[in-house]
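Everything below concerns the one structure shown next.
Every read-out reported here was derived from the displayed coordinates using simple, explicitly stated rules and does not represent laboratory data. All of these numbers come straight from a predicted model, not from anything done at the bench. Positions of Cβ are backbone-derived with ideal geometry, glycine not excepted, and every protein chain shown enters the neighbour counts.
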Amino acid sequence: MAKDVRTAAVIGAGTMGHGIAHAAALSGMATRLYDPSTDALAKARDRIEAILRKAVDLGKATTSEADAALGRLRLEPNLAKALEGVDIVIEAAPERIDLKLGLMADIERLAPADAVVATNTSALSITEMAGVLSRPARVAGMHFFNPVHKMRLVEIVRALESGDDALATIEGVATRMGKETVLVRESPGFITTRVNASLGNEAFYMLQESVASARDIDKALKLGLNHPMGPFELVDLVGLDTRLSILEYLHRSLGEKYRPCPLLAQYVRAGRLGKKVGRGVYEY
């Protein structure tokens, strides 16, 4: 049975976290956005305000709806206060298993025992994360896509011990946010990350082999395969370091066909991490 969710805590105010917090607040939930960095929280609020202003300008939301969403959003640098009395926790920290396991231990200690726990991981083991909690049945994956306010899909991931109630609650929250859902049994990379990582890695191999320029590879996939973004445009948005980390995990888990392209690793070593630093495959 799905839980009646009134209050949500989003853990992490980065690219995905602020987007999830925006969706939660706009859908009517009292939303606490946690990050230990007050600078990250301030930037997240600025981004959320900008998304809401644009929605009003485009006629997708009224001024009163945007104001109400901001009123439901609380920035919180204290994790204990962020987790107090919440119905659902959506973890959106960077893709590092050590960091996520530490946060799961904090959630076990600080959040209500009946709060549903969702992780936005795109590739890591949810079963391993759930094992930190005394009730792993309340943990499942809730994989959003970037940018959250534009992308309609949420992958709901059933880990080894995910309970039906937790899955139903997460599906209800996603639907309330205006998202479509698919249910996936936990496996490395789920559906989209596994396919997309392969495609993006192959694009880097083609670039490394001088098959075509980055712009022409992007153009070919957009016009020939009807992709909304080219693989290099997408990796610059996601972050080359994030993509490399995912490929390294898939390589360890699934074998040689996911070995990261050396050129991708070279770009990351050079600090070319994508839009977030002003240069990736392209300059910004």
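Could you check what % of the DSSP bridge pairs in the chain are antiparallel, to the nearest 5? Looking only at bridges with both residues in the chain, the antiparallel portion is about 15 percent. Distance from the C-alpha centroid of the range 42-119 to that of the range 187-251: 29 Å, rounded to the whole angstrom. For Lys222, the aspartates and glutamates whose Cα comes closer than 16 Å to its Cα, not counting residues fewer than 8 places off in the same chain, are Glu202, Glu233, Asp236. Can you tell which of Pro147, Val132, Ile107 lies farthest toward the positive end of the dipole of the chain, using +1 and -1 charges on the Cβ of basic and acidic side chains (Lys, Arg; Asp, Glu)? The one lying farthest along the dipole's positive direction is Pro147.
Just going by the charge dipole of the chain, with Lys and Arg at +1 and Asp and Glu at -1 on Cβ, which of Ala25, Ala66, Ala9 is farthest out on the positive end? Looking along the dipole axis, the top candidate is Ala66. With a cut-off of at most 14 other beta carbons within 10 Å, and DSSP calling the residue loop, which trypsin sites (Lys or Arg not before Pro) in the range 1-108 qualify? Please list them. Of the trypsin sites (Lys or Arg not before Pro), the ones in loops of the range 1-108 whose Cβ has at most 14 other Cβ atoms within 10 Å are Arg6, Lys60, Arg96. Here the chain is scanned for GluC sites (Glu not before Pro) in DSSP loops (not H, G, I, E, B) that have at most 15 other Cβ atoms within 10 Å, and the longest stretch holding none of them is 85-208. Legend: distances between Cα atoms for Lys179/Lys275; Lys150/Lys275; Lys43/Lys276; Lys54/Lys150; pairs beyond 20 Å are Lys179/Lys275. When the chain is treated as a Gaussian network with alpha carbon springs shorter than 10 Å, the biggest mean-square fluctuation among Gly255, Gly239, Gly200 belongs to Gly255.
Only helices reaching 27 angstrom along their own axis (Cα) with mean Kyte-Doolittle hydropathy no lower than -0.5 count here, and for the DSSP H runs of the chain these are 38-57.
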